[in-house]
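Nothing in this text is a laboratory measurement; each read-out follows from the coordinates by a stated rule. Given the structure is predicted, the values throughout are model-derived calculations rather than measurements. Note: ideal-geometry Cβ built from the backbone for every residue, glycine included; neighbour counts use all protein chains shown.
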Protein chains: 2
Amino acid sequence: MREYRPPRGFRDFPPEVMLLRREVIGKIVRVFERYGYEPLDTPAVENWETLAGKYGEEAEGKLMWRFTDPWSKKEYALRYDLTVPLARFISNNMDIPLPFKRYHIAPVWRHEEPQRGRYREFYQCDVDIVGSPYPEADAEIVDVVGESLRELGFSGFRIRLNDRRLLSAVFEEELGLKDPLPVYRSIDKLDKIGAEGVRKELTRTVGESLAEKIMSLISLGGGADSMRAICSRYSHNAKAKEACDHLEQLTSLAGEVTFDLSLVRGLDYYTGPILEVVLDQPKIGSVAGGGRYDKLIGTFTGKDIPATGASLGIERLIDAGVELGILKASRSTVTDVYLVVVDWSFLSYAWRAAKELRRSGLNVRIDPARASEESQRKRARRLGVPVIAFVGMSEAETNSLTLYSPAKGERAVVKLEEAPLVVRRFLS
Amino acid sequence: MREYRPPRGFRDFPPEVMLLRREVIGKIVRVFERYGYEPLDTPAVENWETLAGKYGEEAEGKLMWRFTDPWSKKEYALRYDLTVPLARFISNNMDIPLPFKRYHIAPVWRHEEPQRGRYREFYQCDVDIVGSPYPEADAEIVDVVGESLRELGFSGFRIRLNDRRLLSAVFEEELGLKDPLPVYRSIDKLDKIGAEGVRKELTRTVGESLAEKIMSLISLGGGADSMRAICSRYSHNAKAKEACDHLEQLTSLAGEVTFDLSLVRGLDYYTGPILEVVLDQPKIGSVAGGGRYDKLIGTFTGKDIPATGASLGIERLIDAGVELGILKASRSTVTDVYLVVVDWSFLSYAWRAAKELRRSGLNVRIDPARASEESQRKRARRLGVPVIAFVGMSEAETNSLTLYSPAKGERAVVKLEEAPLVVRRFLS
């Protein structure tokens, strides 16, 4: 018999994984809402024209799940991120009061080559503010991202910050690079290939003298000092000054960030501050990223609406959190009470007892397949259910339950109406 | 400028809709978990071979979102329901302890002609028990479905119940119909076209005498009496007896159900009891349905594993509940406190005050776009935020906040550290 698997790069999430994911997402939602972001959802499928021309060549030519409907011949694509659908949503709802603050937690699909930690279907957690050009909007995004990581239990991480305008002022206007992309790509690799590697690459692409200049800028390192140094060096440049003023106001409001001129970020649509979060441990690349995109919505509406936001990569966060031991499902099952039926001739009493416990809000499981007592006990243990309730003749005749807490090693025979209270004591 | 819309039949869910959907789903989840069902998720995309041959001709030839990947030429399909993915999941995890009880709440995609209440992307809420052939498993499913509707506030509904084996015993074995499908299709229309309409159709397909016999069976009406009548009339038939014994045990455990021989249900894979829920008002067709499918998992594994389950149609439930006035989002915004900044030179104090309130767990929104006081107040009102906090010079100088509850008409000037307590009093 042949085996039918999920498609390559796609995953099933069995209960024990779901319970952890749900807790993680719940924590992130709580932070997003603490800042007043409202939930939004958009379709998994978008018309191809909506996504076309938004993400750059590699994404659209290779990574997008794009398909033609065999009946209508219409072209569709699966959602590639949550930002472009937001822009499309705004363009369909131009009467929506601005600033509009929303979060969106949902899967996106990318036709990547699957590998460890990289999937073809994965969740993004996005927060965005539409309608504010001001640094306080970017500062709030930085804070929300930082708070989310702290809420999950991460402490060792850096929020790297840069600005697309500053990059353009320095590399295009000041250093005169016509096509700065190869330089951006090189300096983006600083973490991966080290300063010497970057210097070599730069020397090849722009020559030794420019490479030296660029290296001296980058080697200022990260942080407030390097920002001050760069901003004062280029204060005569209007675009640099605009970016520097923006960054300064941003950093005066936001929690700790690390300025880093070597931060570039791939997406085409950024126009102002950009950010990225990296963990100290483990080394798994960025776990969140974002920035300001003041021109994207205009591609739908014809009228620019400033916007800024960030996206948390929960797949990597979960992998890292589990590795660090800070993320662990607080329970292995939703079930509070496993009702073990010792003698199946008392099923109807057991059924009624289960109902009674459920009425008090407890999650109660009763075997629907007439398993032996031994097998029910084994199952309850394996699931990690915190309270076991036994029903046999004596319980049925006296309208009671025998309750047992494996963790506390306690056992009690109680009247059915008192059972919820005792269960709650066992659970606490 | 052309407009970019969601694809036809697809919907955006703006915040006010999301808040209601989330409450509805939350209530359903609570009921599912109260019965010990554990969460499961599977990919949106399945290999085409996995879904092929499972749903019948119309579904696979027309309704499925099926596509060929332009790069690999592999054939995929978007998930059409949550039951076949469950069967595939079980076949990939044959060491999973049985009975396996899971719920799955997720979108599915169908290439329907969009119309009122019918979408191309919609959520299903499924509960299933894998690994039990016994009536108590079906009874639990019936109870979970009924409880879910009651939890949402519905009281006027019927759970219709029938059994595929009984249908087959009566119509194929006893009445000798070689192809009972046209008859099933006719009696399934009883609600729509009435008894006379059905009689006419039946007379055309099977002749007057058989049509009379069938009508007399159907005209027994629903309920326990008609079940007793039919079961005693066909007690000599082994298959009918098996179904009747099963239904009797089921109904002895489950809450109120209405036996109805005219219930058929469309899907091919049902093998035993089938159920469907209809509301008294409004008349919108079934809002939940399900049944036993003991052979489906075997198509993946080669070894039959009995299973039973049901699916709640939350799109219809929400539409109906809103129409009946029983479903209404308990709040129009996630935000508890809108912090109105009267004078933007005190932004940094306002920022700190917002943080302080958030630290106590409150959801606090602060305008990120330097709006006028008037415009901030208007926005807070429009969002329906329950507490407004004002920050101006006097508040900043005295480390305090002016709090206002529009609902209570109360106003209070309080020290920042006491603000969370007063806000909670306003919220209660």
Dividing the convex hull volume of the Cα atoms of segment B:1-140 by its residue count, what figure in Å³ per residue is obtained? 168
Using all Cα-Cα distances in segment A:72-197, what percent lands in each 10 angstrom bin from 0 up to the longest? 9, 23, 36, 26, 5, 0
Defining the label point at 7 Å along Cα→Cβ, can you sort the distances from A:GLU75 to the same site in each other copy, shortest first, in nm? 2.4
Straight distance only, please: which aspartates and glutamates reach the Cα of A:LYS200 with their own Cα at less than 17 Å, same-chain residues fewer than 8 apart left out? A:ASP188, A:ASP191, A:GLU208, A:GLU212
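Please give the direction-averaged projected area of the C-alpha convex hull for segment B:289-428, in square nanometres with one decimal.
Mean projected area for segment B:289-428: 13.8 nm², to one decimal.
Would you calculate the convex hull of the Cα atoms in chain B and tell me its volume per residue in Å³?
Considering the Cα atoms of chain B, their hull volume per residue is 213 Å³.
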So what's the back-of-envelope 222 nm ellipticity for chain A, counting only DSSP H runs of four-plus at -39500 (n - 2.57) apiece and dividing by all residues, rounded to 500? -12000 deg cm²/dmol
Which number comes out as Rg/Rh for segment B:30-97 once both Rg and the Kirkwood Rh are worked out on C-alpha atoms? 1.06
Counting other beta carbons within 10 Å of each Cβ, put B:ASP143, A:ASP304 in order, fewest first. A:ASP304, B:ASP143
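Got the relative contact order for chain A handy, in percent, Cα pairs under 8 Å and 6 or more residues apart? Let's see the in-between values first.
Values: 692 pairs, mean separation 65.1, N = 428.
Computed over chain A, the figure is 15 percent.
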Return the unpartnered cysteines for chain B, using a Cβ-Cβ cut-off of under 4.7 Å. B:CYS125
Between A:SER428 and A:GLU16, Cβ-based FRET efficiency (R0 30 Å, step 0.05) works out to 0.80
Taking each residue in A:43-52, count the Cβ atoms of any other chain within 10 Å of its Cβ, then average. What number comes out? 5
Calculate the spin-label point distance for B:ALA229 paired with A:TRP71, positioning each point 7 Å from the Cα along the beta-carbon direction, and give it in nanometres. 4.1
When chain A is treated as a Gaussian network with springs between alpha carbons less than 10 Å apart, the largest mean-square fluctuation among A:GLN376, A:GLN249, A:GLN124 is found at A:GLN376
Mean other chain Cβ within 10 Å across B:129-138 is 4
Quick one: order B:ILE284, A:ILE297, B:ILE28 by neighbouring beta-carbon count within 10 Å, fewest to most. B:ILE284, B:ILE28, A:ILE297
Take chain A, connect every pair of alpha-carbon atoms lying under 10 Å apart with a spring to form a Gaussian network, then pick out the residue of A:GLU374, A:GLU248, A:GLU174 with the largest mean-square fluctuation. A:GLU374
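With the Cα gyration tensor of segment B:1-43 in hand, convert its eigenvalues to equivalent ellipsoid semi-axes via √(5λ) and list them largest first in whole Å.
Semi-axes from the Cα gyration tensor: 32, 14, 6 Å.
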Segment A:139-159 to segment B:136-155: how many Å between their Cα centroids? 42
Can you give the angle from 0 to 90° between the axis of helix B:314-324 and the longest principal axis of chain B, with both taken from C-alpha atoms, to the nearest 10? 70
Shielding by partners - mean other protein chain Cβ count within 10 Å, residues of A:55-68: 2
Can you tell me the 0 to 90 degree angle between the C-alpha axis of helix B:347-359 and the longest principal axis of chain B, rounded to 10? 40
Of B:LYS54/B:LYS241; B:LYS54/B:LYS295; A:LYS101/A:LYS239; A:LYS189/A:LYS241, pairs whose Cα-Cα distance is over 18 Å: B:LYS54/B:LYS241; A:LYS101/A:LYS239; A:LYS189/A:LYS241
Using just the alpha carbons, could you tell me how many Å³ per residue the convex hull of the protein assembly as shown encloses? 192
Residues whose placed amide H lies under 5 Å from that of A:THR258, excluding near-sequence neighbours: A:ILE159, A:ARG160, A:LEU161
Among A:ALA412, A:ALA77, A:ALA106, determine the one that fluctuates most according to a GNM of chain A built with springs between C-alpha atoms less than 10 Å apart. A:ALA412
Alpha-carbon radius of gyration plus Dmax, which is the widest Cα pair, for segment A:349-410 in Å: 11.6, 30
Helix B:190-206: angle to the longest alpha-carbon principal axis of chain B, degrees 0 to 90, nearest 10? 30
